[in-house]
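K.L.:
For reference, the structure I am asking about is given below.
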Amino acid sequence: MRYSRQLLLPDLSVQGQLNLSKTSVLIIGCGGLGCPLAQYLAAAGIGRLGLLDYDEVELSNLHRQVLHGEENQGQAKALSAANAVRRLNSTVECIPYHLQLSSENALQLIQQYPAAKSSTYIYNVPTRYLVNDACVLSSKPLVSASALRMEGQLTVYNYRGGPCYRCLYPVPPPPETVTNCSDGGVLGVVPGIMGCFQALEVIKIASGQGSSCGQQLVMFDAQDARFRSIKLRPKQTGCAVCGENPSVTKLVDYESFCGSAATDKCRKLNLLSRDQRITVQDYQSIMDKAEPHLLLDVRPLVEVDICHLPFSLNIPLSSLEERKSEHIQLFQERISQLKQQMAGDCRPPVYVICKLGNDSQKAVQVLEKMSGSEVDSITVKDICGGLMAWAKRIDPTFPQY
Amino acid sequence: MAAPVAIHLEFGGGAELLFNGVKEHHVTLPSQSEPWDMKQLLVWIQRNLLKERPELFVQGDSVRPGILVLINDADWELMGELDYQLQDQDNVVFISTLHGG
C-alpha cells in the first residue's frame with residue numbers, strides 16, 4: 001500500500017488520491033524549485049508530470065537542484081529530472097521537454113495538460129508573463145514560486161476567480177532591477193522549501209481540497225525563519241489579459257514587452273567604447289611582460305573570498321560609487337606607488353575586472369569621472385568578460401562560480 | 001495640525017539593498033498640517049532613507065513596477081494606494097518580486 005499513510009488523512013482520502021492519479025501537471029523549469037516539486041508530486045502519486053527545461057545540468061546547480069547528480073552534468077535537466085522521477089515512482093507518466101517555452105509552443109503544451117493543473121516555477125520576467133498569459137488563455141491555475149538569496153515567495157494565480165500575475169504586475173519591472181540566482185546567489189534549501197510548498201498547493205488543488213493561496217502572497221524569510229501571508233488585490237477588471245475587455249487575446253512577444261531576454265543567463269552590458277576595453281588575452285600578455293599596472297577587482301568581498309587573481313586590489317563597485325574615503329585613499333596610494341615605479345608616465349594604467357564584465361564597465365565610468373580630480377589622472381580600461389572569461393580562455397584551473 | 005505618526009517600515013525581496021541592507025526601520029513622521037498619506041511617505045523615504053539610485057525604488061510619484069506595497073499585511077490596492085492616510089503604528093512593507101529558483 002504505497003499511499004496508505006496519506007490515504008489515512010481525512011483531508012485526502014481515497015477520492016483525493018484517485019483525483020491526484022488523474023491529474024496532469026506541467027512543471028516549467030527543473031531547477032531549485034522544480035526538483036523538489038517534481039519529487040513530491042511523483043512520490044504522492046500524481047498521474048502525469050511534464051518536465052520542461054531548456055538548460056543542461058551544471059556543477060553549480062547541484063546545491064539546490066537535488067534531482068540531478070554529479071554524473072548528470074552536461075545532460076538535459078528535463079531528462080535527468082525525468083529519470084530521477086521514474087526511479088522514484090514508475091507509475092507516474094513522465095514526459096521530459098528539453099526546449100525553451102515560447103509564444104509559439106506554450107499554449108499547445110499547456111493545453112496538453114487537460115486536468116487543468118499547470119504548476120510552474122519561472123526564473124525570468126518574460127517567461128513569467130508568457131506562462132501567466134498562456135494559463136489565463138487556457139483557464140489553468142498557475143502555482144508560482146520564486147526564491148532568491150534567503151527569501152521565497154509563492155502565489156497561486158488565475159485560480160477560482162482570483163488575480164493573475166498581470167493583475168498584480170501590469171507593467172514589467174525595468175530589466176536592470178531584476179536579479180537572478182547566478183547574480184544574487186541563493187541558499188539551496190530556500191528554493192527547496194518553496195518547491196515543497198508548491199507541491200503542497202498542487203496536491204491540495206489536484207485532490208480537490210483546494211488551495212488557499214489564490215489571492216494570497218506567501219513570503220518566506222529564511223533569515224528570520226518566518227512565513228507571512230498577505231492578502232492580495234482581487235482580479236482586476238481592467239487587467240490586460242484576464243479583465244473584462246482584454247487587450248491580450250493571444251500570446252505576444254514577451255521579450256520586447258519586458259525589454260529583456262527570456263533566459264536566466266546574465267545580461268551583457270555594453271557601456272564602453274572599444275578602446276576602453278581589453279580582452280583577457282591582452283591582459284595575459286600585460287602580465288607576461290610584467291608591464292606596470294594596477295589590477296582593480298570590483299566584485300563584492302564575498303565573491304573575492306571565493307577566488308581572485310594574485311596582486312589584484314579589491315574595491316567593490318558600490319564603494320567606488322559611494323566614494324568611500326578609506327577605499328579612495330587606498331586606491332590613490334596604489335596609484336602613487338605605480339607612478340613612482342613608472343617614473344615619468346603621468347597616466348598609469350588601471351585594469352578593472354569583475355565576474356562577467358558588467359560591473360567592471362560601470363567602474364570604468366566611475367573612475368573616469370574621478371580621474372584627474374578626486375584621484376590622480378589614470379588610464380582606465382575594463383577586461384572584457386571578466387574572471388569567467390579568464391577561466392574559460394586563459395586559466396582553466398581558475399574557479400568558475 | 002496632525003500629530004507625528006510613528007510607523008514601522010519594512011523592505012524585502014532585495015528592496016532592502018537600497019537601504020544599506022537594513023530590512024526594518026522604525027520611523028516617526030513629523031507633525032504637519034495635513035495627515036500623512038502614502039504619496040507623502042514615498043517622498044519622505046526618498047529624502048530621508050534612500051541611500052542611492054532612487055530610480056530603483058520610485059517611478060513618477062509611485063513605486064517602480066515590480067515592487068509590491070503592503071499596508072498592515074494587505075496589498076495597498078485594497079487600502080487606497082497612494083491616497084491611504086497613515087495611522088500611528090501602521091506597518092508598511094515594500095517587497096520586490098523575486099525572480100530566481
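The values are calculated or read from the model by the stated rules, or taken from the named source; none is laboratory data. Just so we're clear, the structure is a prediction, and the values are computed from it rather than from any experiment. Reconstructed Cβ throughout: ideal geometry from the backbone, glycine too, with neighbour counts over all protein chains shown. The protein model used for the area step is the full one, side chains on, heavy atoms only, and it has no ligands, DNA or RNA in it. Shrake-Rupley method; radii C 1.70, N 1.55, O 1.52, S 1.80 Å.
K.L.:
Pairs under 7 Å by beta carbon, first residue within 12 Å of chain A (Cβ to nearest Cβ) in region B:49-60, partner part of a strand (DSSP E or B), six or more apart or different chains?
P.N.:
Close Cβ pairs satisfying both conditions: B:F57/B:V63.
K.L.:
Is there a residue being in contact with an Asp or Glu (Cβ under 6 Å, 6 or more places away or on another chain), buried (at least 19 other Cβ atoms within 10 Å of the Cβ), touching a residue at least 60 places away in the same chain (Cβ under 8 Å) and under 18 Å from A:T23 (Cα atoms) anywhere in region A:190-205?
P.N.:
Filtering region A:190-205 down to residues in contact with an Asp or Glu (Cβ under 6 Å, 6 or more places away or on another chain) leaves none.
So far as region A:190-205 goes, no, none of its residues is in contact with an Asp or Glu (Cβ under 6 Å, 6 or more places away or on another chain), buried (at least 19 other Cβ atoms within 10 Å of the Cβ), touching a residue at least 60 places away in the same chain (Cβ under 8 Å) and under 18 Å from A:T23 (Cα atoms).
K.L.:
Under the condition of being surrounded by fewer than 18 Cβ atoms within 10 Å (Cβ to Cβ) and of a type in the set (G, A, S), which residue from region A:27-79 is nearest to the other protein chains (Cβ to nearest Cβ)?
P.N.:
A:S60
K.L.:
Let me ask something additional. Any chance region A:221-229 includes a residue that's of a type outside the set (D, E), buried (at least 22 other Cβ atoms within 10 Å of the Cβ) and either closer than 21 Å to B:F94 by Cα or touching a residue at least 40 places away in the same chain (Cβ under 8 Å) (or both)?
P.N.:
Residues of region A:221-229 that are of a type outside the set (D, E), as a first pass: A:222-223, A:225-229.
Adding the requirement that they be buried (at least 22 other Cβ atoms within 10 Å of the Cβ) leaves none.
For region A:221-229, residues of a type outside the set (D, E), buried (at least 22 other Cβ atoms within 10 Å of the Cβ) and either closer than 21 Å to B:F94 by Cα or touching a residue at least 40 places away in the same chain (Cβ under 8 Å) (or both): absent.
K.L.:
Looking for whichever is away from chain B (no Cβ under 12 Å) and either modelled with pLDDT of 95 or more or within 27 Å of A:Y3 (Cα to Cα) (or both) here; the options are A:I193, A:I205. Which one fits?
P.N.:
Details: A:I193 fails: away from chain B (no Cβ under 12 Å).
After applying the criteria, what remains is A:I205.
K.L.:
Oh, and also: Here is a check on your reading of the model: is A:Q284 open to solvent by 50 Å² or more (accessible area, probe 1.4 Å) and either in a loop (DSSP other than H, G, I, E, B) or more than 13 Å from every other protein chain (Cβ to nearest Cβ) (or both)?
P.N.:
Working: open to solvent by 50 Å² or more (accessible area, probe 1.4 Å): yes; either in a loop (DSSP other than H, G, I, E, B) or more than 13 Å from every other protein chain (Cβ to nearest Cβ) (or both): yes.
The answer is yes for A:Q284.
K.L.:
Please specify each residue of region B:61-101 satisfying the condition of being open to solvent by 50 Å² or more (accessible area, probe 1.4 Å), more than 11 Å from chain A (Cβ to nearest Cβ) and outside any loop (DSSP other than H, G, I, E, B). Reasoning before the result, please.
P.N.:
Quick first cut of region B:61-101, residues open to solvent by 50 Å² or more (accessible area, probe 1.4 Å) only: B:61, B:72-73, B:77-79, B:81, B:83, B:85, B:87-89.
With more than 11 Å from chain A (Cβ to nearest Cβ) added as a condition, the list becomes B:61, B:83, B:85, B:87-89.
Matches in region B:61-101: B:D83, B:Q85.
K.L.:
Within region A:145-176, restricting attention to residues that are open to solvent by 10 Å² or more (accessible area, probe 1.4 Å) and among the polar types (S, T, N, Q), which residue is nearest to the other protein chains (Cβ to nearest Cβ)?
P.N.:
Among residues in region A:145-176 that are open to solvent by 10 Å² or more (accessible area, probe 1.4 Å) and among the polar types (S, T, N, Q), the one nearest to the other protein chains (Cβ to nearest Cβ) is A:Q153.
K.L.:
Count, please, the residues in region B:4-26 that happen to be away from chain A (no Cβ under 14 Å) and closer than 16 Å to B:K51 by Cα.
P.N.:
Within region B:4-26, residues that are away from chain A (no Cβ under 14 Å) and closer than 16 Å to B:K51 by Cα number 2.
K.L.:
Taking B:Q46, is it more than 28 Å from A:P175 (Cα to Cα) and either surrounded by fewer than 16 Cβ atoms within 10 Å (Cβ to Cβ) or out of contact with any Ser or Thr (no Cβ under 7 Å at 6 or more places or on another chain) (or both)?
P.N.:
Values: more than 28 Å from A:P175 (Cα to Cα): no; either surrounded by fewer than 16 Cβ atoms within 10 Å (Cβ to Cβ) or out of contact with any Ser or Thr (no Cβ under 7 Å at 6 or more places or on another chain) (or both): yes.
No.
K.L.:
Against the condition within 18 Å of A:T177 (Cβ to Cβ) and either in contact with a Ser or Thr (Cβ under 7 Å, 6 or more places away or on another chain) or surrounded by 15 or more Cβ atoms within 10 Å (Cβ to Cβ) (or both), how does B:V5 come out, does it pass? Steps first, please.
P.N.:
Details: within 18 Å of A:T177 (Cβ to Cβ): no; either in contact with a Ser or Thr (Cβ under 7 Å, 6 or more places away or on another chain) or surrounded by 15 or more Cβ atoms within 10 Å (Cβ to Cβ) (or both): yes.
In short, no.
K.L.:
Report the residue count in region B:12-37 for those that are acidic (D, E), in a strand (DSSP E or B) and touching a residue at least 24 places away in the same chain (Cβ under 8 Å). Quick ask: steps written out before the conclusion?
P.N.:
Within region B:12-37, the first condition is being acidic (D, E), and the residues that meet it are B:16, B:24, B:34, B:37.
Restricting the remaining residues to those that are in a strand (DSSP E or B) gives B:24, B:37.
Imposing the further condition that a residue be touching a residue at least 24 places away in the same chain (Cβ under 8 Å) reduces the set to B:37.
The total comes to 1.
K.L.:
Next up: Is region A:257-272 home to any residue that is surrounded by fewer than 16 Cβ atoms within 10 Å (Cβ to Cβ) and of a type in the set (D, E)?
P.N.:
No, region A:257-272 contains no residue that is surrounded by fewer than 16 Cβ atoms within 10 Å (Cβ to Cβ) and of a type in the set (D, E).
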